[in-house]
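These notes concern the structure reproduced below.
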Amino acid sequence: MDANNIRQLLDRYFQSETTRAEEALLKDYFQQSDIPADLAEYRPLFNFWVQERQQQTSADFNQKMARKPSLLARRSPVRVWQWAAAAAIFIAVGSWYLVGGLQKEPPTAVASIDWSKYEPQTDEEALRMATKALIRTSSALKQSVTTATQEIENVRKLVQPLQ
């Protein structure tokens with residue numbers, strides 16, 4: 001198969017549009033020794049599974065795995081039963097605590113706030129309150145700008161010796 005067809009197959013492969021037969025063609029192609037330089041970067045992608053299939057474990061590893069009993073086989077049935085009973089008790093106590101133990105007393109009546117007495121009665125009073133709030137906000141913003149400017153200057157002083 002020529003390199004142009006392989007490039008088209010690679011485009012389709014990365015868009016997940018290839019069939020298994022086409023992917024097998026790609027694997028076979030990248031097994032070859034004479035691959036164009038621009039396609040050589042894809043060789044490890046398609047040779048990975050071939051190399052992994054050739055990996056084998058040592059004989060003593062298989063023997064160790066065959067002789068090691070499973071975790072459940074080593075535990076006696078009485079011990080497993082004790083753990084199951086402890087888990088059941090834990091679940092029962094936890095459920096009781098969450099359902100019955102956490103029931104709170106009904107909330108006591110809270111005095112409601114009569115917000116109407118804080119509302120301005122006249123337009124002049126509303127204007128005075130709005131002006132006062134805007135002045136307070138403006139002064140807070142000015143103070144924030146001043147603080148930010150001072151901090152920036154402090155950072156500049158720290159950075160200048162490094163330059």
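Things to note:
- Think of a 1.4 Å ball rolled over the protein heavy atoms: the chain then has 91 Å² of accessible area per residue.
- Structure-based [θ]222 nm, the chain - -39500 (n - 2.57) summed over DSSP H runs of at least 4, per residue, nearest 500: -21000 deg cm²/dmol
- When the charge dipole of the chain is built from unit charges on Cβ atoms (+1 for Lys and Arg, -1 for Asp and Glu) and taken about the Cα centre, the candidate among ALA86, VAL50, PHE14 whose Cα reaches farthest toward its positive end is ALA86.
- Taking all protein chains as they are arranged and a probe of 1.4 Å, the heavy atoms of GLU153 leave approximately 80 Å² accessible to solvent.
- What a 1.4 Å probe finds exposed on the chain is 59% carbon and sulfur by accessible area, rounded to a whole percent.
- By accessible area with a 1.4 Å probe, ligands and nucleic acids excluded, highest first: order of ARG53, ARG79: ARG53, ARG79
- Size of charge dipole - the chain - debye, nearest 20, with Cβ of Lys, Arg +1 and Asp, Glu -1, no other charges: 1180
- Only one item in (1) 1, 5, 6, 6, 4, 3, 4, 4, 5, 5, 8, 9, 10, 9, 7, 6, 4, 2, 0, 0; (2) 2, 10, 17, 17, 15, 11, 9, 6, 5, 4, 3, 2, 1, 0, 0, 0; (3) 1, 10, 19, 24, 22, 14, 7, 3, 1 matches P(r) over Cα pairs in 5 Å bins from 0, in percent derived from the coordinates shown, and that item is (1).
The values are calculated or read from the model by the stated rules, or taken from the named source; none is laboratory data. What you see is a predicted model; the values in this text were computed from it and never measured. Heads up, the Cβs are rebuilt from the backbone with ideal geometry, glycines too, and the neighbour counts pull from every protein chain shown. These accessible areas exclude ligands, DNA and RNA; they are computed on the full protein's heavy atoms, side chains included. Shrake-Rupley method; radii C 1.70, N 1.55, O 1.52, S 1.80 Å.
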